[in-house]
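So the structure is just underneath, and the comments pick up after that.
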Amino acid sequence: MASSSSNRVYIPTNARNNQYILAEFKPSDEFVSSFDNIDSCYERIARKLFLACEENGLYNVHMIANDKLPITRFHEESYCLQTEKQMLFFYNPKYHEAHKFYWQQGVRAKKVRLLFLATGDELRANAANFHNKVQKTLHDLKVNLGVEDAFKIRDHQHLTYDLFARVKGHKETYGYKLRSLYPRYEARKCEIPAEHTEMTYVTFNIPMTRALKTQFQHLLEDEHYTQFYSFIEDKFFSACGYKQISQAAFIADGRLPLVRNSKIDKSAQNSELQKLSFDICSEETQYKAHWDKNQLVDTLHFVVVAKASDNKDVGYGKFMNNVESMIRGLSQTLELSAQRQALNVRFFQHISYNA
């Protein structure tokens with residue numbers, strides 16, 4: 001039954017909501033050649049973009065044309081850091097606003113990325129309205145630029161919370177059904193094409209604290225870290241198997257995991273990012289482990305992916321309860337201190353399509 005507590009996951013009320021939409025397109029050679037140079041082209045796109053954003057009430061938007069992947073993170077201060085492969089945007093959706101552009105002068109990127117960051121309060125409740133605004137902005141941009149290039153649109157939402165919040169004294173929770181995005185948007189008059197893909201997954205990280213190193217010192221004494229990483233991998237996948245979780249990944253090679261649908265993207269990696277592709281329609285076990293025996297990382301990354309069959313009529317609440325139970329079991333095995341350590345869990349929902 002929809003009202004059953006097993007179909008709801010009770011998340012601390014101090015959980016953080018976040019939403020951003022990434023729209024990508026490749027300006028045609030014909031369009032680019034109508035300008036004196038690539039900088040003039042990008043300047044025109046930026047002007048038209050930010051004008052449309054103002055008209056549609058979108059106040060934190062970034063145009064990126066340097067082939068770096070944008071990553072968003074919560075922070076009380078607003079700033080952007082760049083690495084060779086990434087652009088890291090730190091912001092608080094309640095307060096921060098910006099219209100900025102990024103490209104290397106005189107260099108044409110493979111694609112133009114438009115990053116729309118949701119702002120204000122009640123982001124989850126207003127998610128469909130935000131998506132509608134972005135759709136309208138992209139339509140206006142196409143009209144104003146006189147282009148017909150297709151946009152690849154990815155809507156990303158996530159809830160972040162400390163699994164140990166109750167132990168630390170925050171006992172107030174809210175019950176979420178965690179419905180999938182398509183029916184949520186449909187109910188709120190936000191039209192998503194029938195041809196779309198969705199993905200739901202959970203991530204959590206365990207920092208390599210002094211306490212953890214001390215506890216497993218006997219596994220860290222060799223000239224490489226194979227014993228330690230093999231131990232963590234075995235305990236994690238065993239915990240997943242016990243809870244009948246069949247799609248998961250363990251990353252400990254210094255790279256940031258990115259989760260993708262295998263129908264769209266294949267697994268790949270570069271110096272900073274590890275792309276993990278899962279076939280969510282398959283019931284087969286898909287466990288992936290990437291660790292470097294010669295490197296003791298600062299953070300252990302874990303990913304748990306929901307299969308299509310985990311999407312019940314009422315949502316992903318039952319799946320999330322199962323994942324939480326698995327994480328608690330793993331944390332007990334590793335003897336993590338609930339009082340002294342935050343175990344931040346992120347529940348992700350993605351929907352993507354071309355428009």
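Since residue 201 meets every condition but one in (1) in a helix (DSSP H, G or I); (2) more than 22 Å from residue 341 (Cβ to Cβ), which condition does it not meet?
(1)
Output the strands (runs of 3 or more DSSP E) that fall wholly within segment 1-119 and possess 3 or more residues being farther than 23 Å from residue 158 by Cα, or say none.
Values: elements: 9-12, 16-25, 60-65, 69-74, 79-82, 86-91, 98-103, 112-117.
Where strands (runs of 3 or more DSSP E) fall fully within segment 1-119 and carry at least 3 residues being farther than 23 Å from residue 158 by Cα, they are 98-103.
Give the number of residues within segment 219-276 that are part of a helix (DSSP H, G or I), in contact with a Lys or Arg (Cβ under 8 Å, 6 or more places away or on another chain) and surrounded by fewer than 17 Cβ atoms within 10 Å (Cβ to Cβ).
Of segment 219-276, the ones part of a helix (DSSP H, G or I) are 219, 226-242.
If we keep only those that are in contact with a Lys or Arg (Cβ under 8 Å, 6 or more places away or on another chain) as well, we get 226, 229.
With surrounded by fewer than 17 Cβ atoms within 10 Å (Cβ to Cβ) added as a condition, the list becomes 226.
Final tally of qualifying residues: 1.
Right, residue 96: modelled with pLDDT of 95 or more, surrounded by fewer than 20 Cβ atoms within 10 Å (Cβ to Cβ) and closer than 30 Å to residue 173 by Cβ or not?
yes
Kindly evaluate residue 137 against the criterion of being assigned by TED's automatic domain parsing to the domain that holds residue 49 and in contact with a helix residue (DSSP H, G or I) (Cβ under 7 Å, 6 or more places away or on another chain). It would help to see each step written out before you state the result.
On the way: assigned by TED's automatic domain parsing to the domain that holds residue 49: yes; in contact with a helix residue (DSSP H, G or I) (Cβ under 7 Å, 6 or more places away or on another chain): yes.
It is true that residue 137 is assigned by TED's automatic domain parsing to the domain that holds residue 49 and in contact with a helix residue (DSSP H, G or I) (Cβ under 7 Å, 6 or more places away or on another chain).
With 77, 84, 30 as the choices, which residue is surrounded by fewer than 18 Cβ atoms within 10 Å (Cβ to Cβ), within 27 Å of residue 135 (Cβ to Cβ) and acidic (Asp, Glu)? Don't jump to the end; show me each part of the working.
Values: 77 fails: within 27 Å of residue 135 (Cβ to Cβ); 84 fails: within 27 Å of residue 135 (Cβ to Cβ).
None of the others qualify; the one that does is 30.
Looking at (1) touching a residue at least 12 places away in the same chain (Cβ under 8 Å); (2) of a type in the set (Asp, Glu); (3) surrounded by fewer than 18 Cβ atoms within 10 Å (Cβ to Cβ), which one does residue 162 not meet, given that it meets all the others?
The single condition residue 162 does not satisfy is (3).
Any chance segment 185-204 includes a residue that's at pLDDT 95 or above, within 30 Å of residue 328 (Cα to Cα) and among the aromatic types (Phe, Trp, Tyr)?
Within segment 185-204, one or more residues are at pLDDT 95 or above, within 30 Å of residue 328 (Cα to Cα) and among the aromatic types (Phe, Trp, Tyr).
Among the residues of segment 291-313, write down those that are assigned to a strand (DSSP E or B) and surrounded by fewer than 18 Cβ atoms within 10 Å (Cβ to Cβ). Walk me through how you get there before you give the answer.
Residues of segment 291-313 assigned to a strand (DSSP E or B): 291, 299-305, 312.
Answer for segment 291-313, where residues must be assigned to a strand (DSSP E or B) and surrounded by fewer than 18 Cβ atoms within 10 Å (Cβ to Cβ): 299, 312.
Can you tell me which residue within segment 335-355, out of those that are over 23 Å from the mean Cα position of the chain (by Cα) and surrounded by 16 or more Cβ atoms within 10 Å (Cβ to Cβ), is modelled with the highest pLDDT? Write out each step before concluding.
Of the residues in segment 335-355, the ones over 23 Å from the mean Cα position of the chain (by Cα) are 335-340.
Restricting the remaining residues to those that are surrounded by 16 or more Cβ atoms within 10 Å (Cβ to Cβ) gives 336, 338.
Values: 336: 94, 338: 90.
Taking the candidates together, the pick is 336.
Is at least one residue of segment 321-328 surrounded by fewer than 19 Cβ atoms within 10 Å (Cβ to Cβ), without any contact (Cβ under 8 Å) to a residue 40 or more places away in the chain and either closer than 27 Å to residue 229 by Cβ or in contact with an Asp or Glu (Cβ under 9 Å, 6 or more places away or on another chain) (or both)?
The first filter runs over segment 321-328 and keeps only residues surrounded by fewer than 19 Cβ atoms within 10 Å (Cβ to Cβ), leaving 321, 325, 328.
Remaining after also requiring without any contact (Cβ under 8 Å) to a residue 40 or more places away in the chain: none.
No; the residues of segment 321-328 include none that is surrounded by fewer than 19 Cβ atoms within 10 Å (Cβ to Cβ), without any contact (Cβ under 8 Å) to a residue 40 or more places away in the chain and either closer than 27 Å to residue 229 by Cβ or in contact with an Asp or Glu (Cβ under 9 Å, 6 or more places away or on another chain) (or both).
For the subset of segment 53-68 comprising residues that are farther than 23 Å from residue 83 by Cβ and surrounded by fewer than 21 Cβ atoms within 10 Å (Cβ to Cβ), which member is nearest to the chain's Cα centre (by Cα)? Talk me through it step by step, then tell me what you get.
Step one: list which residues in segment 53-68 are farther than 23 Å from residue 83 by Cβ, which gives 53-59.
Of the ones still in play, those that are also surrounded by fewer than 21 Cβ atoms within 10 Å (Cβ to Cβ) are 54-57, 59.
Numbers: 54: 26, 55: 28, 56: 25, 57: 24, 59: 21 Å.
This residue is 59.
How many residues are closer than 30 Å to residue 37 by Cα and assigned to a helix (DSSP H, G or I) if we restrict to segment 120-148? Don't jump to the end; show me each part of the working.
Taking segment 120-148 as the starting set, the residues that turn out to be closer than 30 Å to residue 37 by Cα are 134-148.
In the following step, the residues that additionally are assigned to a helix (DSSP H, G or I) were identified as 134-145.
Residues meeting the conditions: 12.
Cβ-Cβ below 8 Å, separation at least six or inter-chain, first residue in segment 113-130 and in the same structural domain as residue 71 (by TED's automatic domain parsing) and free of Cβ contacts under 8 Å to residues at least 40 places away in the same chain, second buried (at least 22 other Cβ atoms within 10 Å of the Cβ) and hydrophobic (A, V, I, L, M, F, W, C): which pairs?
126/118
Restrict the check to segment 26-47 and report whether at least one residue is more than 14 Å from residue 113 (Cβ to Cβ), out of contact with any helix residue (DSSP H, G or I) (no Cβ under 8 Å at 6 or more places or on another chain), modelled with pLDDT of 95 or more and of a type in the set (A, V, I, L, M, F, W, C).
no
Six or more apart or on different chains, Cβ atoms under 9 Å: show the pairs whose first residue is in segment 205-223 and in contact (Cβ under 8 Å) with a residue 24 or more places away in the chain and whose second is assigned to a loop (DSSP other than H, G, I, E, B) and among the basic types (Lys, Arg).
209/340; 211/340
A quick yes/no check of all residues on (1) closer than 19 Å to residue 346 by Cβ; (2) without any contact (Cβ under 8 Å) to a residue 12 or more places away in the chain; (3) not basic (Lys, Arg):
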site	(1), (2), (3)
94	yes, no, no
102	no, no, yes
136	no, no, no
152	no, no, no
158	yes, no, yes
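The values are calculated or read from the model by the stated rules, or taken from the named source; none is laboratory data. Owing to the predicted nature of the structure, the values given are computational and were not obtained by experimental measurement. Because the Cβ atoms are built from the backbone with ideal geometry, glycine has one as well, and the counts that use them run over all protein chains shown.
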